[in-house]
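S.K.: Attaching a single structure in structure tokens format; questions to follow.
A short reminder: the numbers here are calculations on the coordinates, not readings from a lab. The structure displayed is predicted, hence computed values, not measured ones. Every residue, glycine among them, receives a Cβ derived from its backbone with ideal geometry; neighbour counts consider all protein chains shown.
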Ligand SMILES: Cc1cc2nc3c(=O)[nH]c(=O)nc-3n(C[C@H](O)[C@H](O)[C@H](O)COP(=O)(O)OP(=O)(O)OC[C@H]3O[C@@H](n4cnc5c(N)ncnc54)[C@H](O)[C@@H]3O)c2cc1C
């Protein structure tokens, strides 16, 4: 196996143009598990860890957004200024694996793997994040809804590096929560992000469908039923949870049953609508 080590996004794009079959490695917390189990045998690896620009983040006051480099580890997202600006993303980051996993794992890797159980993905869906990609042919930006196209499938081309993600900064409440078989070090059996953006409720669900699902009917119900989104009644929150659960499309698998997942997503929806963060 050859390991290619670029020091800039441009250099990584050039390497990927020359080696289209090469596999990108960032934190390695997904890929190395696959390699160790012989599920993947890459001939060549493009290691992104030495590209400092992938760990940059910045805000843009004019658009009210934050752009976070795809190579910034969760440990830098779960606390500090980023956590203040995008609290739901920090909550999601805090639930990923262990401190060791969060020191190495990245949002770029979560997007690269694109599992319906990926913890950052419901946040990116609810906040309608933009995913930025770069290849030798140029840069392009894709709404998250068009990026994730199936379970563990995304619209990234083989020669593209995921460079960053742009999210809105909103003063309104947002929250992320997940259910698993224990309290920590767990892949979700149901996960959800609730956010109010421009006075409009948004609710995205993970692990209960082939991709991250938006509960559009539940969102529309809440927007019309609640006179104050910061003070939602128990009755309205329960109905919101019931509708969201009805919009989920879970399956039975080794982690849980479809029935339990549907129940869990309804509970998460109700609780997040009531409390947010
Ligand atoms: C013990 C353990 C616990 C875990 N717990 C959780 C959890 O609770 N929640 C959760 O969501 N995940 C969990 N994971 C999975 C993993 O940590 C995350 O998905 C993490 O975000 C992967 O990031 P990474 O940088 O390590 O990705 P890598 O393993 O380096 O890469 C993953 C995939 O993305 C591609 N890729 C990586 N970066 C880029 C890029 N910039 N551009 C294009 N493609 C790229 C790679 O080619 C590969 O296909 C866990 C893993 C382990 C081993």
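S.K.: Any chance you could count how many residues in the stretch 54-73 are touching a strand residue (DSSP E or B) at 6+ places or on another chain (Cβ under 7 Å) and farther than 12 Å from residue 166 by Cβ?
M.R.: Qualifying residue count for the region: 6.
S.K.: Moving on. Can you work out which of the residues in the stretch 84-114 that are crowded, with 17+ Cβ neighbours inside 10 Å and not in a helix (DSSP H, G or I) is nearest to the chain's Cα centre (by Cα)?
M.R.: The extreme case among them is 114.
S.K.: Can I ask one more? Is it true that some residue in the stretch 158-165 is farther than 20 Å from residue 50 by Cβ and either within 12 Å of the ligand (Cβ to nearest atom) or surrounded by fewer than 23 Cβ atoms within 10 Å (Cβ to Cβ) (or both)?
M.R.: Here is the first cut: in the stretch 158-165, the residues farther than 20 Å from residue 50 by Cβ are 158, 165.
Still in the running and either within 12 Å of the ligand (Cβ to nearest atom) or surrounded by fewer than 23 Cβ atoms within 10 Å (Cβ to Cβ) (or both): 158, 165.
Within the stretch 158-165, one or more residues are farther than 20 Å from residue 50 by Cβ and either within 12 Å of the ligand (Cβ to nearest atom) or surrounded by fewer than 23 Cβ atoms within 10 Å (Cβ to Cβ) (or both).
S.K.: Checking residue 6 against (1) within 14 Å of the ligand (Cβ to nearest atom); (2) under 30 Å from residue 202 (Cβ atoms); (3) not in a helix (DSSP H, G or I): exactly one of these is not met. Which one?
M.R.: Every listed condition holds for residue 6 apart from (2).
S.K.: List pairs: first in the stretch 104-119 and closer than 16 Å to residue 157 by Cβ, second outside any helix (DSSP H, G or I), Cβ under 6 Å, 6+ apart or cross-chain?
M.R.: Here the result reads 108/26; 108/70; 108/71; 108/162; 111/162; 114/148; 114/152; 114/154, each pair linking the stretch 104-119 to a residue that is outside any helix (DSSP H, G or I).
S.K.: Cβ-Cβ below 7 Å, separation at least six or inter-chain, first residue in the stretch 46-58 and touching a residue at least 12 places away in the same chain (Cβ under 8 Å), second part of a strand (DSSP E or B) and surrounded by fewer than 16 Cβ atoms within 10 Å (Cβ to Cβ): which pairs?
M.R.: Matching pairs, first to second residue: 47/3.
S.K.: Assess whether residue 201 counts as being in contact (Cβ under 8 Å) with a residue 60 or more places away in the chain and surrounded by 21 or more Cβ atoms within 10 Å (Cβ to Cβ). Talk me through it step by step, then tell me what you get.
M.R.: Details: in contact (Cβ under 8 Å) with a residue 60 or more places away in the chain: yes; surrounded by 21 or more Cβ atoms within 10 Å (Cβ to Cβ): yes.
In short, yes.
S.K.: Can you name the residue in the stretch 256-276 that is touching a residue at least 60 places away in the same chain (Cβ under 8 Å) and not in a helix (DSSP H, G or I) and, of all such residues, is farthest from residue 170 (Cα to Cα)? Spell out how you get there, then give the answer.
M.R.: Of all residues in the stretch 256-276, those touching a residue at least 60 places away in the same chain (Cβ under 8 Å) come to 256, 260-261, 264-265, 267-269, 271-273, 275-276.
Next, from what is left, pick out any that are not in a helix (DSSP H, G or I): 256, 276.
On the way: 256: 34, 276: 13 Å.
By that ranking, first place goes to 256.
S.K.: Could you list all residues from the stretch 11-26 that are in contact (Cβ under 8 Å) with a residue 60 or more places away in the chain and out of contact with any helix residue (DSSP H, G or I) (no Cβ under 8 Å at 6 or more places or on another chain)? Write out each step before concluding.
M.R.: Taking the stretch 11-26 and keeping what is in contact (Cβ under 8 Å) with a residue 60 or more places away in the chain, we get 12-14, 16-17, 20-21, 24, 26.
Selection gives 12, 13, 14, 16, 17, 20, 21.
S.K.: Ok, one more. Let me spell it out: the conditions are (1) touching a helix residue (DSSP H, G or I) at 6+ places or on another chain (Cβ under 8 Å); (2) exposed (fewer than 13 other Cβ atoms within 10 Å of the Cβ), and residue 29 meets all of them except one. Which number is the exception?
M.R.: Of (1) touching a helix residue (DSSP H, G or I) at 6+ places or on another chain (Cβ under 8 Å); (2) exposed (fewer than 13 other Cβ atoms within 10 Å of the Cβ), only one is false for residue 29: (2).
S.K.: Shifting gears a bit: Take the residues in the stretch 45-58 that are in a strand (DSSP E or B) and surrounded by 14 or more Cβ atoms within 10 Å (Cβ to Cβ); name whichever of them is farthest from the ligand (Cβ to nearest atom).
M.R.: Restricting attention to the stretch 45-58, the residues satisfying the condition of being in a strand (DSSP E or B) are 45-47, 57-58.
Subsequent filtering for residues that are surrounded by 14 or more Cβ atoms within 10 Å (Cβ to Cβ) retains 45-47, 57.
Working: 45: 9, 46: 8, 47: 9, 57: 14 Å.
Filtering first and then ranking leaves 57.
S.K.: Hey, another quick one. Give me the residue from the stretch 68-83 that is in a loop (DSSP other than H, G, I, E, B) and surrounded by 19 or more Cβ atoms within 10 Å (Cβ to Cβ) and, out of that set, farthest from the ligand (Cβ to nearest atom). Working first, answer last.
M.R.: Keep residues of the stretch 68-83 that are in a loop (DSSP other than H, G, I, E, B), which gives 70-72, 78-79.
From what is left, the residues that are surrounded by 19 or more Cβ atoms within 10 Å (Cβ to Cβ) are 70-72, 78.
Numbers: 70: 4, 71: 6, 72: 10, 78: 12 Å.
Checking each candidate, the answer is 78.
S.K.: Of all residues in the stretch 124-143, which are in contact with a strand residue (DSSP E or B) (Cβ under 7 Å, 6 or more places away or on another chain), away from the ligand (no atom under 11 Å from the Cβ) and either under 19 Å from residue 255 (Cβ atoms) or touching a residue at least 24 places away in the same chain (Cβ under 8 Å) (or both)?
M.R.: 124, 125, 126, 127, 128, 129, 130, 139, 141
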